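The values are calculated or read from the model by the stated rules, or taken from the named source; none is laboratory data. Just so it is clear, the structure is predicted and the values come from calculations on it, not from any experiment. Neighbour counts run over all protein chains shown; Cβ positions are idealised from the backbone, glycine included. Accessible surface is based on the protein model in full, side chains and every heavy atom, while ligands, DNA and RNA are left aside. Shrake-Rupley method; radii C 1.70, N 1.55, O 1.52, S 1.80 Å.
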Amino acid sequence: MSTPCLSHVFVYGTLRRGQVNDINHLAPAPVLRGTARIRGFLYDLGPYPGVILGGDEGWVHGEVYAITPELEAQLDRIEEVAPVPSGEYARRHIDIEVDGQVLRCLVYEIAAVRIEGRPRIPHGDWPQR
């Protein structure tokens, strides 16, 4: 039996530990690699947040997990990027430093049109809103 190829995901909102869609309640179980932060801006969309990547001044806090392809497919369905994309989120891959190691991570970025008129979370930490 071979070990599945693992990829990494950065979660910043409802998929974080203790949140409504806690990734740790999904199967196959992810492996926490650590906490991290990325450059970007976090927006409050009511029951969930959205991140816009980039910029020089904002930080978004979250967790990085190693995940299997099966779990990645589940996340795509939760974020509505598959099987039929809703247009709300897009899959992005960025390099994130976790405990001194750079990992290529999947991040679900919100479409810019979805944040119009929505408040920014200035500290970039969804559970602390």
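How many residues are closer than 17 Å to Trp59 by Cβ and among the hydrophobic types (A, V, I, L, M, F, W, C) when one looks only at the range 82-101?
So the answer is 3.
Considering only the range 1-105, give the strands (runs of 3 or more DSSP E) lying wholly within it that have at least 1 residues that are closer than 15 Å to Asp125 by Cα and open to solvent by less than 30 Å² (accessible area, probe 1.4 Å). Before the answer, list the steps.
Working: elements: 7-11, 31-44, 49-53, 59-67, 89-98.
The strands (runs of 3 or more DSSP E) meeting that bar are 7-11, 31-44, 49-53, 59-67.
Can you spot a residue in the range 109-126 that is open to solvent by 40 Å² or more (accessible area, probe 1.4 Å), under 26 Å from Cys5 (Cβ atoms) and out of contact with any Ser or Thr (no Cβ under 7 Å at 6 or more places or on another chain)?
Here is the first cut: in the range 109-126, the residues open to solvent by 40 Å² or more (accessible area, probe 1.4 Å) are 112-114, 116-120, 122-123.
Now drop any that are not under 26 Å from Cys5 (Cβ atoms), which leaves none.
No, there is no match, as no residue in the range 109-126 is open to solvent by 40 Å² or more (accessible area, probe 1.4 Å), under 26 Å from Cys5 (Cβ atoms) and out of contact with any Ser or Thr (no Cβ under 7 Å at 6 or more places or on another chain).
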